[in-house]
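Colleague: One structure coming up, written as structure tokens, with questions to follow.
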Amino acid sequence: MRAAKTLPQRTEPARGSAGDVAYEALRGMLLLFELRPGERLNEVHLAERLGLSRTPVREALNRLAAERLVLARGGHGFYVRDLDLKEAMDLYELRTALEVTGFRHACERAKATDITALRRGWRATLRQSHRMNDRAAMVGEDVRFHEALCALGGNHELLRMLGEVNARTTFIRWAYATGPRPELNFDEHDALLEALVARDAAAGEEILQRHIGRRAEALTSLLAPARAFPITPRRRTT
């Protein structure tokens, strides 16, 4: 894995149309927190920023609304969706179910060479990120690690669903890493890899339940003060 300041790419390639270009750009802006929860999205300003006309931007926003990354309010435009506590808890339950299933498949189907490659890649990622001291970049690497682990199970539809869940919870992951009480501990990633090497699905399930469950337990205190986090202001699109 290579440390980078981008979050997981889509599993399907962009088709190259102006609408696809706008979609990929806006989705990246959402996942990098350049567009904030609750923010109204000004189509004119976004089109100018991307160097496109309003038509592909509107097309992209409708696609993102279908994925529930933005909210379309009839007559009032598009907004970046806020996550409420119930929705976030539902998403974390779904993430747990998907990752546990993916890990079990990986234990059954993954090639030893692919497991070794994932271990080496993760260690290289940690070394690079520690040198950079870039916690926000590590949020993306965390997502990539869990999706790469799930990908070893070979179920593309399961991986697609996990990618959608991760996209909708990126704000929460970002808050853990960059808020006033940063939390970004990757010790359990190594434990997951050891369980995978041993093909121990039960051990992996226990680790994932604990790893993801700890995040879910903190949601009540995290979501309410999220907007008060000391973040660098960006130019709004309104």
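The values are calculated or read from the model by the stated rules, or taken from the named source; none is laboratory data. This one's a predicted model, so the numbers in the text were calculated from it and none came from an experiment. Please note: Cβ atoms are built from the backbone with ideal geometry, for glycine as well, and neighbour counts cover all protein chains shown. Side chains are part of the model used for accessible areas, which takes the heavy atoms of the whole protein and leaves out ligands, DNA and RNA. Shrake-Rupley method; radii C 1.70, N 1.55, O 1.52, S 1.80 Å.
Colleague: For a quick check: with amide H placed at 1.01 Å from N, whose amide H comes under 5 Å from LEU41's, ignoring anything fewer than 5 positions away on the same chain?
Modeller: Result for LEU41 returns PHE78, TYR79, VAL80.
Colleague: Could you tell me the distance between the Cα centroids of the stretch 142-169 and the stretch 26-74, to the nearest Å?
Modeller: Using only Cα atoms to place each centre, the spacing works out to 23 Å.
Colleague: From the phi angles alone, apply the Karplus equation (6.51, -1.76, 1.60; θ = phi - 60°) to the stretch 204-212 and give each ³J(HN,Hα) in whole Hz, x where the residue is Gly or Pro.
Modeller: x, 4, 4, 5, 5, 4, 6, 4, 7
Colleague: Let me ask something additional. Taking H as built 1.01 Å from N, whose amide H comes closer than 5 Å to the amide H of GLY153, not counting residues under 5 places away?
Modeller: Hits under the 5 Å cutoff: ALA106.
Colleague: Additional query: Kindly rank 115-122, 98-105 from highest to lowest mean number of other beta carbons found within 10 Å of each residue.
Modeller: The peptides rank, most packed first, as 98-105, 115-122.
Colleague: Okay, next question. Could you derive backbone 3J(HN,Hα) for the stretch 157-168 from the dihedral phi with the Karplus parameters 6.51, -1.76 and 1.60 (θ = phi - 60°), listing whole Hz in sequence and x where the residue is Gly or Pro?
Modeller: Calculated HN-Hα couplings, in order: 5, 4, 5, 4, 5, 4, x, 5, 4, 4, 4, 7 Hz.
Colleague: Taking R0 as 22 Å, what FRET efficiency do you get between ASN42 and ALA18 from their Cβ-Cβ distance, rounded to the nearest 0.05? All intermediate terms of the calculation are to be shown ahead of the outcome.
Modeller: Numbers: r = 18 Å, r/R0 = 0.83.
Taking R0 as 22 Å, the efficiency between ASN42 and ALA18 is 0.75.
Colleague: Tell me the accessible surface of HIS156 in square angstrom (1.4 angstrom probe, heavy atoms of protein chains only), to the nearest ten.
Modeller: 150
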